[in-house]
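**Student:** First the structure, then my questions, so here it is.
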Amino acid sequence: PGAPGLDGEGDRRQLYTGWGVWNCTGCVMAMCMPAPVYFAVKKKHGWLFTLISCVYFLGVFLTQSRGAILFSAVVFLACIVYNLVVSKGRERLYNAIVYGALVLGAVLALLIFSDQLAAMFRSLLEDGLESQPRLNLYQQCWQAFLESPAFGKGWYNSPGEQFVNGNIAANGDPALANYFIPGFAHNTFFQLIACGGILAFVAYLIHRTQTILMVVRDPSPLKIVAFLCISSMLFTSLVDNHVFNLGPGILYSVLLIFSERVPTKKAPFPKRA
């Protein structure tokens, strides 16, 4: 358990959305974080949207999700670079001031609220040192792949865990008997090879190649920012199962649709009759 508030009260297990827990909330917050950058580089007074992006980034920390915190920081750095490179003139200066204020605020918070912040994130360090159960799960998935390398063992027969009624349940546990969402491997690679074998993994590689080429061949602010949003989910899915969860999955699909429908020089939007 963690403490979402600076007063030391609260428990991250209370962050339950119906389709996921605190890790899912952290993933969605991390996916939303790059979105305001699009308006920051496109609109006048874009620094206001840069500020919103910073607020989203701080919100990720309050979810107490280790994976979301780690990888959102990586994506946030990419957002900073893209924002400062693309924005022009005074807008670039104002955006730089916002980011500078964020850094200054972080330093002051560490100095003033050092004890509260240490207590707030102590659970992250403690849980981070207890990685053996997750490593054991990855090993089980690899063994399942070796037993059925071509097509895997299916969603409900492969190794996996799920958070059910406040407890961890594994595939085969009676708690998951009537549960629609199966146990997950908490890693995209091990999930794919255990559930679908080589076939699922190759299909995923083809899909991922298509999404990357869609951005590289004809980059635009909307495509790049959407890619940054998607990257938040893909990175956090290295330590969790967000690719296969309903909430992030729906948001991921919407982002792909927007990216695919961006007009290009070869195929602009048709004019209205």
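**Student:** Once Lys and Arg get +1 and Asp and Glu get -1 on their Cβ, which of F180, I224, N241 lies farthest toward the positive end of the dipole of the stretch 151-270?
**Tutor:** Towards the positive end, the residue furthest out is I224.
**Student:** Would you mind checking which residues have amide H under 5 Å from V164's amide H? H placed 1.01 Å from N; only 5 or more apart, or other chain.
**Tutor:** Excluding prolines and chain starts, which carry no amide H, the hits are A169.
**Student:** On to the next question. Compare the peptides 214-224, 40-50 by average per-residue count of other Cβ atoms within 10 angstrom and give them in order, highest first.
**Tutor:** Going from most to least packed, we get 40-50, 214-224.
**Student:** Quick one: compute the contact order of the stretch 19-73, relative version, from alpha carbon pairs under 8 angstrom and 6+ residues apart, as a percent.
**Tutor:** Once normalised by length, the contact order is 47 percent.
**Student:** With 5 Å bins from zero, work out the P(r) of the stretch 33-120 over every alpha carbon pair and list the percent per bin.
**Tutor:** In order of increasing distance, the bins hold 3, 15, 23, 24, 17, 10, 6, 2, 0 percent.
**Student:** Something else about it: Just check the stretch 196-244 against the gyration tensor rule for me: Cα atoms, a ≥ b ≥ c as the square roots of the eigenvalues, rounded for a/c under 1.5, and otherwise prolate or oblate depending on whether a/b exceeds b/c.
**Tutor:** Oblate shape, in that a/c is at least 1.5 and b/c is the bigger or equal ratio.
**Student:** What does the highest-first list of 192-203, 171-182, 77-88, 227-238 look like by mean Cβ count within 10 Å?
**Tutor:** Ranking, from highest mean packing down: 227-238, 192-203, 77-88, 171-182.
**Student:** Report the full-extension gain for the segment V74 to L117: residue separation times 0.36 nm, less the Cα-Cα distance, to one decimal in nm. List each step's numbers first, then the result.
**Tutor:** Details: separation 43, 0.36 × 43 = 15.48 nm, distance 2.08 nm.
In short, 13.4 nm is gained.
**Student:** How high is the relative contact order of the stretch 129-180? Use alpha-carbon pairs under 8 Å, at least six apart in sequence, and give a whole percent. Don't skip to the answer; put the middle values down first.
**Tutor:** Working: 34 pairs, mean separation 11.4, N = 52.
Normalised by residue count, the contact order of the stretch 129-180 is 22 percent.
**Student:** Would the stretch 87-237 count as rounded, prolate or oblate if I go by the C-alpha gyration tensor, calling it rounded below 1.5 in a/c and otherwise prolate when a/b exceeds b/c, oblate otherwise?
**Tutor:** Verdict is oblate for the stretch 87-237.
**Student:** Same structure again: With Cβ to Cβ distances under 10 Å as the rule, what net charge do the other residues near G183 carry (K, R +1; D, E -1)?
**Tutor:** It works out to a net charge of -2.
**Student:** Work out how much length V55 to Q132 would gain on full extension: take 0.36 nm times their residue separation and subtract the Cα-Cα distance, in nm to one decimal.
**Tutor:** Additional length available on full extension: 24.4 nm.
**Student:** About its Cα centre, what dipole magnitude does the stretch 19-113 give when the only charges are +1 on Lys and Arg Cβ and -1 on Asp and Glu Cβ, stated in debye to the nearest 20?
**Tutor:** 320
Read the figures in this text as sums done on the coordinates, not as results from a lab. Because the structure is a prediction, the values reported are computed rather than measured. All Cβ positions, glycine included, derive from the backbone under ideal geometry; neighbour counts span all protein chains shown.
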